[in-house]
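Computed from the coordinates by the stated procedures, all read-outs in this text should not be read as laboratory data. Nothing here was measured: the structure is a model prediction, and the numbers come from that model. Glycine gets a Cβ as well: all are built from the backbone with ideal geometry, and neighbour counts include every protein chain shown.
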Amino acid sequence: MQNKLVIFDLDGTLLNTIGDLAAGCDEMLRQRGLPTHSFADYCSFVGNGIMRLVERALPEELRTAEYVAAARRDFVNYYIDHIDLHTHPYEGIVELVEELAAEGCKLAIASNKFQAGTDKLIKKFFPTIDFVMICGNREGVPLKPDTALVDLILDAAEVGRERCVMVGDSAVDILTAQRAGIHSVGVSWGFRSRTELQEAGAEYIADSVAELRSILSAI
């Protein structure tokens, strides 16, 4: 794994965060007297950043720029203080990341979650890992599937694109990798279906952490 760079998505890839994302959105909706949503709904809402999550959770007639921005502020104010009540790493993921780091693999995070939330979760669940970069949604940098986050990480890691792989659970991650000219691995345990990963053109699909380990070793 020497001189290899693995860029991980966060939500649905390393961490199962859907419970806290759903709880935060439902709290924001209840404050406004609006209907809440099911677990399956939230799995389809996530993946394109908090603004899009909040927008999708709102009734269509309320999706004005001003209303969505206000709802996002309320969501973030609640969510940042309750971000880890239900969130947990997928089984075997912490051990995998630790193994990769011990073998000299360079590691990074590229997430569409807002930066403060990304930092807080990584600090809690991966406190010993020296990531090259922890990139969340930050001002002035477009969200995935734009390649901006990946390009920032590649510059910092000083690793060739042929030695870099993006690991994620959605078509957004696969498209990001394709646009950036790096390898892509979809994981089927996240918020989106295996079919979505296949249709997006994932180079590899892992159905277990052990399978992901084998794929990363072979690339």
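Which of these values of Cα Rg over 2.2 N^0.38 Å was calculated from the structure shown: (i) 0.94; (ii) 1.08; (iii) 0.99?
Correct label, based on the coordinates given: (iii).
P(r) for the stretch 18-79: what percent of alpha-carbon pairs falls in each 10 Å bin, starting at zero?
Bin by bin from 0 Å, the calculated values are 25, 65, 10.
For VAL46, which sequence-distant residues (separation of 5 or more, or a different chain) have an amide H within less than 5 Å of its own amide H, given hydrogens modelled in the peptide plane?
Answer set, sorted by chain and number: none.
Rounded to the nearest 5, what % of DSSP beta bridges with both residues in the chain are antiparallel?
Numbers: 2 of 21 bridges.
Percentage antiparallel, nearest 5: 10.
Could you go through the stretch 78-93 in sequence order and give the Karplus-derived ³J(HN,Hα) for each residue, using 6.51 cos²θ - 1.76 cosθ + 1.60 with θ = phi - 60°, rounded to whole Hz, and x for Gly and Pro?
7, 5, 4, 8, 10, 6, 10, 6, 10, 6, 7, x, 5, 4, x, 5
In deg cm²/dmol and to the nearest 500, what is the mean residue ellipticity at 222 nm of the chain if only DSSP H runs of at least 4 residues count, each as -39500 (n - 2.57), divided by the residue total?
-14000 deg cm²/dmol
Which net charge results for the neighbourhood of ASP11, defined as the other residues with beta-carbon distances under 9 angstrom from its beta-carbon, given Lys and Arg at +1 and Asp and Glu at -1?
Taking every other residue near ASP11 into account, the sum is -1.
Would you mind calculating the relative contact order of the chain from Cα pairs under 8 angstrom and at least 6 residues apart, reporting the percent as a whole number?
That works out to 25 percent.
For a quick check, take a GNM of the chain with Cα springs below 10 Å and name the residue from ARG179, ARG72, ARG32 with the largest mean-square fluctuation.
ARG32
What list of ³J(HN,Hα) couplings, whole Hz, do you get for the stretch 104-112 from phi and the Karplus terms 6.51, -1.76, 1.60, once you set θ to phi - 60° and write x for glycine and proline?
With the stated coefficients, the stretch 104-112 comes to x, 6, 7, 10, 8, 10, 10, 10, 8 Hz.
Report the residue, chosen from THR13, THR64, THR176, that carries the largest GNM mean-square fluctuation when the chain is represented by alpha-carbon nodes joined by springs under 10 Å.
Top of the fluctuation ranking is THR64.
What is the spin-label model distance, in nm, from GLU27 to ILE129 if the labels are put 7 Å beyond Cα along the C-beta direction?
Computed distance between label sites GLU27 and ILE129 equals 2.6 nm.
Would you pull out the residues with amide H under 5 Å of ARG32's amide H, same chain only if 5 or more places away, H placed 1.01 Å from N?
Distant-sequence amide H within range of ARG32: zero hits.
Using amide H atoms built 1.01 Å from N in the peptide plane, name the residues 5+ places from GLY136, or on other chains, whose amide H lies under 5 Å from its own.
SER111
Just to confirm a number: summing +1 for Lys and Arg and -1 for Asp and Glu over residues other than GLU27 whose beta-carbon lies under 12 angstrom from that of GLU27, what do you get?
That works out to -2.
Tell me, what HN-Hα J-couplings in whole Hz come from the Karplus equation 6.51 cos²θ - 1.76 cosθ + 1.60 at θ = phi - 60° for each residue of the stretch 118-134, using x for Gly and Pro?
Computed from phi, the couplings for the stretch 118-134 are 4, 4, 5, 6, 5, 4, 6, 9, 9, x, 9, 8, 8, 5, 4, 8, 10 Hz.
How much net charge surrounds ASN48 when only the other residues with a Cβ under 10 Å from the Cβ of ASN48 are counted, with Lys and Arg +1 and Asp and Glu -1?
+2
Could you calculate the contour length gain from ALA218 to HIS37, that is, 0.36 nm times the residue separation minus the distance between their Cα atoms, to one decimal place in nm?
Net length gain for the segment: 61.1 nm.
Where the centroid of each part is defined by its Cα atoms, how far is the stretch 58-135 from the stretch 153-193 in Å?
17
How much FRET efficiency would the formula 1/(1 + (r/R0)^6) give for HIS86 and ASP151, where r is the Cβ-Cβ distance and R0 is 30 Å, rounded to 0.05?
0.35
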